[in-house]
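Undergrad: My questions will all concern the structure given below.
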Amino acid sequence: MQQDKIPTIIIVGAGLGGLSLYHALIKNKDKREFNVKIFERESSPTDRWQGYHIGLSNYGAQSLLNCIPSSIASNLPKATPNTVPDVETHGIIITDQVGNVLLAPPTKPFKDFYELAKISRGLSSMIIYRDRLRDVLLDDVPVQWNKKCTKYVETQEGVWVFFEDGTQEFCNILVGADGINSPIRKQKLPELQIVNYGITHVGVDISIPKHLMDRASKIHGNVLARKTLGTKGDSTFMMTRLIPIKQEQDDEKNEPHYRATLVYSYPSELDNVDTESEKAKVDDNDPASVIEHVKVLIRTLRPDCELTDLLLELWDLAPKTIPNDPIKFPFKNYNPVQRRMMRDIDPMSIKSWTSSRVVLLGDAVHAMSPILGLGANNAIQDADKLSQALLKYTDNNISFIEEYEKEMLKRTSADVLKSRNVTFKTSTPLGPFGVIVRDRILKVINVMINFYSFADNLIFKD
C-alpha cells in the first residue's frame with residue numbers, strides 16, 4: 001500500500017490524555033510533522049457528563065504545559081482559577097468519623113497554575129474543574145464524534161482501524177486513549193484484567209450554599225480536599241473550590257453557593273444488606289433511591305455527631321431527578337447519581353508486553369483508584385512522554401514506542417499499586433481497637449510528614 005509522506009496517527013478517545021497528545025503533536029510539527037486524527041465514541045462534547053473536580057499535580061501541570069500551545073494555555077484560567085489568597089488551601093485533610101484531624105500534610109503555597117508547574121520537589125496539587133479543562137482542550141480540535149472503535153488490524157505497513165458505523169481508517173500509529181473499557185486494550189492485551197476492589201462509590205456534583213460550606217469549614221478548615229474515615233469500611237470525600245458560582249437572582253436571600261464534588265465509598269457487600277429503614281429497592285435508574293441508600297448507610301454506619309448531620313444535609317443537595325431547566329443548573333451537564341464499582345488495571349500484572357504500532361495511554365492501560373488523585377495526571381504525563389517519543393518516528397523503526405512503554409509501565413504501575421494499597425487500608429472495617437491503632441498511626445505519620453517538610457524547606461530553601 002502506498003503511504004503518504006506524512007505519517008498518520010489516529011487517537012481513539014478525546015479525554016484529557018487523548019486531547020493533550022493531539023495538541024502536543026500539533027505543537028511539535030516543526031520538529032516532526034504528522035497527520036493527526038482523533039475519534040471519540042460520544043456523539044458530541046456534551047453527550048456525557050464530564051463533571052468532578054480533579055487535583056492536578058505539579059508534575060501533571062508541567063506535562064500539560066509541555067503539551068499545549070500558547071493559544072490553549074491562555075484559556076487555562078477558565079479551568080484552573082488562581083488560588084484565592086487566605087481563603088483556599090490546595091491540599092488534603094483526613095479526619096476520623098467525628099471530625100478529629102488525623103492527617104493534614106503541609107502544602108507548598110503557589111499563586112496560580114504556572115507557579116504550581118514550577119514546583120520541582122515533592123508533590124503539590126491544585127483543585128481544578130475537569131469539565132472546563134476538557135472544554136479548553138477541545139478548542140480547535142477536529143474531533144470526529146460518534147465514532148466507536150470496534151477493532152483494528154495491524155499490517156507491516158500500518159494499522160487499519162474499524163468503527164461501529166462500518167467505516168475504517170488507515171494509520172501508521174494507533175493510540176488507544178479510550179478509557180478503562182478500551183476495545184483496543186482488550187484486543188492488544190486480552191490477558192490484562194480489570195481488578196474489582198469490592199468497594200462501591202457514589203459521586204455527585206452539588207451546589208453548596210454558604211451557610212453549609214461555613215459549617216464544613218469549621219471542621220476541615222479551608223483545605224479543598226476533605227476526606228473522613230468511618231469505622232465500617234466507609235469513607236467520604238469532598239473536593240471544592242471556595243469560589244462562588246453564579247446563581248439565579250431569585251435564589252433565596254441570594255446566598256453565595258459553591259461547586260463541590262461529593263463521594264461516598266463503602267464495601268460493596270453492603271449493597272446486598274437490607275435495612276429496616278430502607279423501604280424501596282435501590283435502582284440505579286432512579287437517582288432518588290441511590291441518594292436515599294447513601295443516607296441510610298451514613299445514618300447506619302456513622303455515629304450521631306455534627307459531621308454526620310452535615311453529610312446528610314450535603315447529600316440532600318444532590319439532584320434527585322433530571323433538572324427541569326438544565327440551563328439554570330449550576331453545572332453544564334447533569335449526571336444521574338449511580339453506584340459504581342471501584343476498579344483498576346495494573347499494566348505490569350502480565351508477563352509479556354510486546355511493543356507494536358498500537359500503543360495505549362491513560363485509563364485504557366492503567367486505570368487506578370481515585371483516592372490519591374493520580375489518574376488524570378498520569379494520562380497527561382503519558383501524552384507528554386509519548387509525544388516526545390514520537391519525534392523519533394521512522395517508518396521502519398518503532399523502538400521509540402518501546403522506550404515510551406518502559407517508562408510508562410514503571411511509573412504508572414507504581415501509582416496503581418500505591419493507590420490500591422491506600423484504598424484497601426482506608427476501606428477495611430475496624431473494631432474499637434483497630435480504630436485506635438489506625439488513628440494513632442495516621443497521627444504519627446502526620447507528625448513525620450510535617451517534620452520532614454520543615455527540614456526539607458530549611459535545606460532546600462529558595
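Undergrad: State yes or no: is Asp165 acidic (Asp, Glu) and within 25 Å of the chain's Cα centre (by Cα)?
TA: no
Undergrad: Quickly run through segment 202-232 and pick out the residues that are touching a Ser or Thr at 6+ places or on another chain (Cβ under 9 Å) and polar (S, T, N, Q).
TA: If the condition is that a residue be touching a Ser or Thr at 6+ places or on another chain (Cβ under 9 Å) and polar (S, T, N, Q), then Asn222, Thr228 are the ones that fit.
Undergrad: Further question on the same structure: Please verify whether Val447 is under 30 Å from Gly18 (Cβ atoms) and not hydroxyl-bearing (Ser, Thr, Tyr), treating the condition exactly as stated.
TA: Criteria not met by Val447.
Undergrad: Taking the condition of being surrounded by fewer than 18 Cβ atoms within 10 Å (Cβ to Cβ) and either within 20 Å of Ala61 (Cα to Cα) or charged (D, E, K, R) (or both), how many residues in segment 139-166 meet it?
TA: Adding up the residues that qualify gives 8.
Undergrad: Considering each of Asp346, Asp415 in turn, give the residue that is outside any helix (DSSP H, G or I) and surrounded by 15 or more Cβ atoms within 10 Å (Cβ to Cβ).
TA: Testing whether each residue is outside any helix (DSSP H, G or I) and surrounded by 15 or more Cβ atoms within 10 Å (Cβ to Cβ) leaves just Asp346.
Undergrad: Take the conditions on the phi > 0 side of the Ramachandran plot and over 19 Å from the mean Cα position of the chain (by Cα) and apply them to Gly13. Does it pass?
TA: No, not satisfied.
Here's the yes/no breakdown for (1) more than 28 Å from Met126 (Cβ to Cβ); (2) modelled with pLDDT of 95 or more; (3) touching a Pro at 6+ places or on another chain (Cβ under 6 Å):
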residue: Leu229; (1), (2), (3): no, yes, no
residue: Tyr266; (1), (2), (3): yes, yes, no
residue: Glu269; (1), (2), (3): yes, no, no
residue: Ser277; (1), (2), (3): yes, no, no
residue: Ala280; (1), (2), (3): yes, no, no
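Undergrad: Find the residue count for segment 375-402, including only residues that are buried (at least 16 other Cβ atoms within 10 Å of the Cβ) and not aromatic (Phe, Trp, Tyr).
TA: 18
Undergrad: Looking only at segment 415-456, count every residue that is among the aliphatic types (A, V, I, L, M) and under 22 Å from Gly91 (Cβ atoms) and tell me the total.
TA: 9
Undergrad: Sort out for me the strands (runs of 3 or more DSSP E) sitting completely within segment 155-233 that have 1 or more residues that are touching a helix residue (DSSP H, G or I) at 6+ places or on another chain (Cβ under 9 Å) and assigned by TED's automatic domain parsing to the domain that holds Thr95.
TA: It comes to 195-209, 223-229.
Undergrad: Any idea which residue in segment 354-384 is modelled with the lowest pLDDT, counting only those that are part of a loop (DSSP other than H, G, I, E, B) and under 22 Å from Arg420 (Cα atoms)?
TA: Of everything passing the filter in segment 354-384, Gly373 is modelled with the lowest pLDDT.
Undergrad: Now, a different point. Answer yes if at least one residue in segment 131-138 is part of a strand (DSSP E or B) and among the hydrophobic types (A, V, I, L, M, F, W, C), and no otherwise.
TA: No, segment 131-138 contains no residue that is part of a strand (DSSP E or B) and among the hydrophobic types (A, V, I, L, M, F, W, C).
Undergrad: Select from segment 354-386 the residues that are small (Gly, Ala, Ser) and closer than 26 Å to Tyr264 by Cα and list them in ascending order.
TA: Selection gives Gly362, Ala364, Ala367, Ser369, Gly373, Gly375, Ala376, Ala379.
Undergrad: Somewhere in segment 385-394, is a residue in a strand (DSSP E or B), modelled with pLDDT under 90 and closer than 22 Å to Phe34 by Cα?
TA: The answer is yes; a qualifying residue exists.
The values are calculated or read from the model by the stated rules, or taken from the named source; none is laboratory data. Source: prediction; values computed, not measured. Neighbour counts run over all protein chains shown; Cβ positions are idealised from the backbone, glycine included.
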